Every structure is written in structure tokens, then in C-alpha cells.
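The values are calculated or read from the model by the stated rules, or taken from the named source; none is laboratory data. Owing to the predicted nature of the structure, the values given are computational and were not obtained by experimental measurement. Note that we place each Cβ from the backbone using ideal geometry, even for glycine, and neighbour counts take in every protein chain shown.
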């Protein structure tokens, strides 16, 4: 039986995340325009000082395997941002388990809030994961970024909460 849990991400964890984000393309896929590559301690410090983001590390059997943020957008909306599973652990269902725990945490404190996220349309495994969790595409933003010879479209997705 795997023991999976979310833990607060602190400045002591910055080097781990910096090591995980290894290319400019990966950085943009993970953070959009929020961070520039290479990711630095200063960028993370500035981001968490100025954002209403709650960052988490996802642990499985004591190993740090993933990262995610939860952001309060307004009174009715929470946003999942910067979802990342370390490459050594991708394809094993950890993103689904991490997000399921994050959604449970978010809805236990904000039961009427909608939960939104954005994902690039070519990231099919992430889209499949989000759809399994109940997210639906609400919009698409075309040609948001030109990367490695092609434009990336951005899907906007939402998990509607009932009152």
C-alpha cells in the first residue's frame, strides 16, 4: 500500500524544484510566462511573496514525486497551477492521486468554489488525467506561444462544484 500525501512547499524545497525544471520548454509548459528559465531561488521567493498561491509537494512513501499550486482567484474560484510530476514517476498515476488529494483539500474548506486550470492542448496525458477527475474544457485560447516551430493552444478547464 502506497502512502501518498501533500506537504507544504517551503523555501527549503526550492533547490528540488529548480533541479526538476531542466529546459526552457519544460519551464514554459510547467509555468507558462510566470517564470523564466533557468528557474531560480529569487524567482520562487518573489512569486510566493506576491501571490496568494499555496504550493505543495506530493510525497509517495516518503519520496518527493510531484509539485502543485492552489490559488484563490476570487470568492467563488480556486485555480490549480503548475502541476508537475518528476519524470522518474510519470505515467504511474501519481498526478491523478496528487490532484485528487488537492481537490479534496480544496473542497473541504471551499465546498462551493469552482476549480479551474489551464493546460496546453498537446499535453494529452495531462488532459486525460484532468478529464478523469471531472474537469471539462470550457474554452480554448489559440496560438498562445510559439515553441520549437509550432504554436501552442491553451485549454481552459473547470470542475464545477455544486451548492
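For every residue, the table says whether it meets (1) at pLDDT below 95; (2) surrounded by fewer than 18 Cβ atoms within 10 Å (Cβ to Cβ); (3) in contact with a strand residue (DSSP E or B) (Cβ under 8 Å, 6 or more places away or on another chain).
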| site | (1), (2), (3) |
| --- | --- |
| 11 | no, yes, no |
| 14 | no, no, no |
| 45 | no, yes, no |
| 49 | yes, yes, no |
| 58 | no, no, yes |
Go through 134, 91 for me and flag whichever is modelled with pLDDT of 95 or more and over 22 Å from residue 22 (Cβ atoms).
-> 134
Quick check: anything in the range 142-159 closer than 18 Å to residue 9 by Cβ, in contact with a helix residue (DSSP H, G or I) (Cβ under 8 Å, 6 or more places away or on another chain), surrounded by 12 or more Cβ atoms within 10 Å (Cβ to Cβ) and at pLDDT 95 or above?
-> no
Looking across the range 55-77 at residues that are part of a strand (DSSP E or B) and more than 18 Å from residue 13 (Cα to Cα), the single one that is farthest from the chain's Cα centre (by Cα) is 74
Scan (1) assigned to a helix (DSSP H, G or I); (2) surrounded by 15 or more Cβ atoms within 10 Å (Cβ to Cβ) for the single condition residue 80 breaks and write down its number.
-> (1)
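Applying the selection to the range 106-131, what residues are at pLDDT below 95 and either surrounded by fewer than 17 Cβ atoms within 10 Å (Cβ to Cβ) or over 18 Å from the mean Cα position of the chain (by Cα) (or both)?
Within the range 106-131, 107, 108, 109, 110, 111, 112, 114 qualify.
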